[in-house]
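Novice: Mind having a look at this structure? Questions to follow.
The values are calculated or read from the model by the stated rules, or taken from the named source; none is laboratory data. Keep in mind it's a predicted model, so treat the numbers as computed, not measured. Cβ sites come from the backbone with ideal geometry, for glycine too, and all protein chains shown count toward neighbours.
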Amino acid sequence: MDCKDLKLEAVIGFTGCVCNGLHYTPCGQYIVYPLAAGVVVRSITTGNLAFLDAQTDGDVTCLAVSRNGKYLASGHETFGSAKAYAYVWDLEKAKQNCQKEKPSAGGCLIHSLQQHQGEVRALDFNSDSTLLATLGGRDDNDVVVWDVESGKGICGSPAANESSRCIKWLNGRRDRFVSCGNNHLRVWQVCTLTPKLHPIDANMGSIRRNMQCLDISNDDVFTFVGSTTGEVLKFAITRDEIQPFAKPDALQPALKDYNQNRFSKGVLSVSCIINPLTGNTNVIAGSGDGVVQILNPKLQPIVSHKAELKGGVTSLSLSPDNKTFLAGTEISQRYSVDVSSFTPELRSTCHHGSVNDVRFPANCSEIFVTASVKDIRVWNARQRNELLRIQVPNRTSNAIDITPSGTTIVSGWSDGIIRAFFPESGKLMFSIPDAHTGEVTALTVCASDNDLGHGWRMISGGEDGRVKVWKVTKTHQIMLHSTKEHRGQINSVVCNSDGSQVLSSASDGSCIVWDLDKGTRIHALLDQTIFHGGLYHPDESQYLTCGSNYKLGYWDASNATAIRMVEGGEAEITCVDIQPSNGEWFVSGGADRSVKVWHYDDGITTGVGWGHSGKVHSVRISPDEKKIVSVGQDGAIFIWSGLPNGCEKAK
């Protein structure tokens with residue numbers, strides 16, 4: 001059999017905490033934004049996307065689009081002593097891939113630039129898109145200028161004595177840029193002949209501010225900077241050309257003004273906009289408390305042009321016609337705001353933390369449910385939009401399931417409580433406090449039970465190593481059995497088809513098969529591993545397990561002996577799901593960020609999907625077997641083509 005790449009149908013996600021991460025392309029037909037370690041290029045008209053992933057472990061920390069629309073640059077973080085990467089992508093190629101039936105990143109990567117220690121904090125292209133400036137993080141704090149065509153570094157210099165945070169090239173000059181950070185703003189000029197960087201510090205007088213974002217007026221006379229204390233500062237940035245060593249500079253950039261009415265929680269993003277009536281440069285400021293407002297040239301707020309969004313506004317991007325702008329918030333929501341009416345329109349939502357579980361309702365492939373930090377969300381699988389959000393503040397949902405009739409969403413939470421919700425309104429149906437000591441880590445509903453009749457049963461597993469069986473009726477919830485044979489956290493619980501047994505997988509190296517009616521053990525599967533998951537084959541003749549030993553285990557259901565162990569890859573296997581109809585295929589997710597499709601009998605990988613930038617927490621095959629949904633540590637939801645289309649046997 002041939003191993004093919006899984007076809008990615010869609011990806012749901014947006015890393016909103018990246019400052020200045022959301023961009024219009026110069027043509028105005030596409031938007032660009034970060035998603036964990038990848039970059040999404042999406043068509044505004046069709047919604048088609050291209051996902052750019054260099055398969056690096058470091059998440060995206062900054063983005064920039066070239067003025068001519070040909071290039072896209074992404075800066076990344078790294079871990080340990082390794083140097084961080086900055087990637088240059090072919091944006092034209094990515095836009096062409098958006099027009100294809102399936103998204104692709106093929107042929108888009110142009111350069112891999114590696115110089116900064118820890119992270120690339122900011123980057124930007126110059127006015128003619130021939131140079132790229134990158135700024136290192138706190139442990140590096142260097143500025144490097146690169147030649148875009150060759151990918152070679154031209155020159156570099158320490159950014160300042162204190163930490164720098166942002167960098168921006170001038171609009172009309174190809175050799176000059178501005179950087180800002182803690183208590184400083186610098187105007188740089190590049191000499192490509194020497195080659196060398198020549199900075200001049202702006203005169204700030206007695207003012208001391210930590211500055212974290214900036215934008216430059218179209219005429220390159222002023223730059224507007226946002227501070228952590230809530231001011232927008234206006235600097236004149238005119239400076240002398242490069243002077244001989246002994247000749248002093250006559251023109252020095254200087255602070256000219258700042259607003260008196262501070263924004264709450266600091267100014268996270270700024271963008272210059274031309275007033276079409278007066279021709280003056282106004283400033284759009286986004287604050288940490290979600291306020292977006294336009295300031296006039298004197299930095300006075302225009303009361304009529306103010307909007308309140310959910311989450312701190314980390315990104316502002318004007319459309320080429322200056323009629324609308326995009327706003328991205330730190331809770332990963334994207335808005336489109338009309339400049340004239342200043343009315344925000346919510347364009348997309350997604351999780352802004354790790355997604356721990358995903359489920360489809362029985363016999364329904366159009367909807368799926370995800371569990372994450374602070375909330376549970378219901379999604380339309382076809383339109384890829386959010387239908388319902390159920391929020392529980394300051395708590396994390398670790399596991400979810402849906403009753404067979406689809407009338408109840410049950411969930412296990414980090415505070416040890418099991419909560420059930422109505423799927424249409426999201427209102428709380430019931431809760432079981434102190435269901436487990438510590439966190440509820442696994443949950444399932446008996447598929448054979450009728451939740452419309454005399455009640456139904458669910459099984460929960462906890463951090464305490466206990467497996468509990470519950471009877472739920474319209475009026476109350478009763479614990480039928482509580483077992484304590486596991487000595488580690490329960491990572492998954494799965495029922496068989498008639499609801500008479502449950503298979504629990506734990507971190508102590510054991511999987512136990514329980515009789516639900518008697519509350520006693522039937523079998524125990526033992527291995528030197530941490531079992532992350534286990535399930536029944538559809539004919540219930542075998543069990544399939546996965547764990548930290550990088551192996552997939554096949555076990556005989558009659559005597560609990562190991563049939564064979566299949567090498568699953570070069571990292572631990574964190575989750576599995578099997579084809580519900582006949583079990584010919586199954587899917588696994590791992591800590592190596594991959595989603596793999598396997599032929600069950602042959603034990604061979606037939607398809608691999610790359611895209612996640614963190615550990616894959618859960619994978620599910622849709623009931624119609626046409627989709628595979630994977631979620632993980634990066635907060636992204638990936639929808640892959642299902643078993644019949646992407647994973648047929650090679651003939």
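Novice: Please tell me if Gly107 is free of Cβ contacts under 8 Å to residues at least 24 places away in the same chain, over 27 Å from Leu170 (Cα atoms) and in contact with a helix residue (DSSP H, G or I) (Cβ under 8 Å, 6 or more places away or on another chain).
Specialist: Taking the combined requirement at face value, the residue satisfies it.
Novice: Wholly within region 309-360, which strands (runs of 3 or more DSSP E) include no fewer than the required count, namely at least 3 residues that are within 28 Å of Pro276 (Cβ to Cβ)?
Specialist: 313-318, 324-329, 334-338, 344-348
Novice: If I ask for residues that are closer than 17 Å to Asn210 by Cα, of a type outside the set (Lys, Arg) and surrounded by fewer than 17 Cβ atoms within 10 Å (Cβ to Cβ), which ones from region 262-281 would you list?
Specialist: Of everything in region 262-281, just one residue is closer than 17 Å to Asn210 by Cα, of a type outside the set (Lys, Arg) and surrounded by fewer than 17 Cβ atoms within 10 Å (Cβ to Cβ), namely Ser264.
Novice: Just checking, does region 573-589 include any residue being surrounded by fewer than 16 Cβ atoms within 10 Å (Cβ to Cβ) and in a strand (DSSP E or B)?
Specialist: Scanning region 573-589 turns up no residue that is surrounded by fewer than 16 Cβ atoms within 10 Å (Cβ to Cβ) and in a strand (DSSP E or B).
Novice: Something else about it: Scan region 311-329 for residues that are closer than 20 Å to Val18 by Cα, in contact with a Phe, Trp or Tyr (Cβ under 9 Å, 6 or more places away or on another chain) and not aliphatic (A, V, I, L, M) and report the count.
Specialist: Qualifying residue count for the region: 6.
Novice: Search region 16-25 for residues being closer than 10 Å to Leu63 by Cβ and touching a Pro at 6+ places or on another chain (Cβ under 8 Å), and hand back the single one that is surrounded by the fewest Cβ atoms within 10 Å (Cβ to Cβ).
Specialist: Here the answer is Val18.
Novice: Has region 291-305 got any residue that is under 30 Å from Ser492 (Cα atoms) and not assigned by TED's automatic domain parsing to the domain that holds Ser425?
Specialist: No, region 291-305 contains no residue that is under 30 Å from Ser492 (Cα atoms) and not assigned by TED's automatic domain parsing to the domain that holds Ser425.
Novice: Still on this structure, please answer the following. Take Ala562 and decide whether it is surrounded by fewer than 24 Cβ atoms within 10 Å (Cβ to Cβ) and either at pLDDT below 95 or among the hydrophobic types (A, V, I, L, M, F, W, C) (or both).
Specialist: Considered against the rule, which asks whether it is surrounded by fewer than 24 Cβ atoms within 10 Å (Cβ to Cβ) and either at pLDDT below 95 or among the hydrophobic types (A, V, I, L, M, F, W, C) (or both), Ala562 comes out as yes.
Novice: Any residue at all in region 6-15 that is surrounded by fewer than 20 Cβ atoms within 10 Å (Cβ to Cβ), more than 13 Å from the chain's Cα centre (by Cα) and either assigned by TED's automatic domain parsing to the domain that holds Tyr85 or polar (S, T, N, Q) (or both)? I'd like the intermediate steps shown before the answer.
Specialist: Taking region 6-15 and keeping what is surrounded by fewer than 20 Cβ atoms within 10 Å (Cβ to Cβ), we get 7.
If we keep only those that are more than 13 Å from the chain's Cα centre (by Cα) as well, we get 7.
Filter again for either assigned by TED's automatic domain parsing to the domain that holds Tyr85 or polar (S, T, N, Q) (or both), leaving none.
Within region 6-15, not a single residue is surrounded by fewer than 20 Cβ atoms within 10 Å (Cβ to Cβ), more than 13 Å from the chain's Cα centre (by Cα) and either assigned by TED's automatic domain parsing to the domain that holds Tyr85 or polar (S, T, N, Q) (or both).
Novice: Here's another thing I want to ask about it. Which of the strands (runs of 3 or more DSSP E) contained wholly in region 507-570 include at least 3 residues that are in contact with a His (Cβ under 9 Å, 6 or more places away or on another chain) and closer than 24 Å to Asp464 by Cα?
Specialist: On the way: elements: 510-515, 520-526, 531-536, 542-547, 551-556, 562-567.
By residue number, 510-515, 542-547.
Novice: Here's another thing I want to ask about it. Taking into account only those residues within region 1-52 that are within 28 Å of His599 (Cα to Cα) and of a type in the set (A, V, I, L, M), which is modelled with the lowest pLDDT? Give the derivation first.
Specialist: In the first step, residues of region 1-52 are kept if they are within 28 Å of His599 (Cα to Cα); the result is 1-12, 51.
Next, from what is left, pick out any that are of a type in the set (A, V, I, L, M): 1, 6, 8, 10-12.
Details: Met1: 57, Leu6: 87, Leu8: 86, Ala10: 88, Val11: 91, Ile12: 94.
That would be Met1.
For (1) among the basic types (Lys, Arg); (2) surrounded by fewer than 16 Cβ atoms within 10 Å (Cβ to Cβ); (3) modelled with pLDDT of 95 or more, each residue gets a yes or a no:
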{"site": "Trp456", "(1), (2), (3)": "no, no, no"}
{"site": "Lys468", "(1), (2), (3)": "yes, no, yes"}
{"site": "Gln489", "(1), (2), (3)": "no, no, yes"}
{"site": "Val494", "(1), (2), (3)": "no, no, yes"}
{"site": "Gly499", "(1), (2), (3)": "no, no, no"}
{"site": "Ala506", "(1), (2), (3)": "no, no, yes"}
{"site": "Ser510", "(1), (2), (3)": "no, no, yes"}
{"site": "Lys518", "(1), (2), (3)": "yes, yes, no"}
{"site": "His523", "(1), (2), (3)": "no, no, no"}
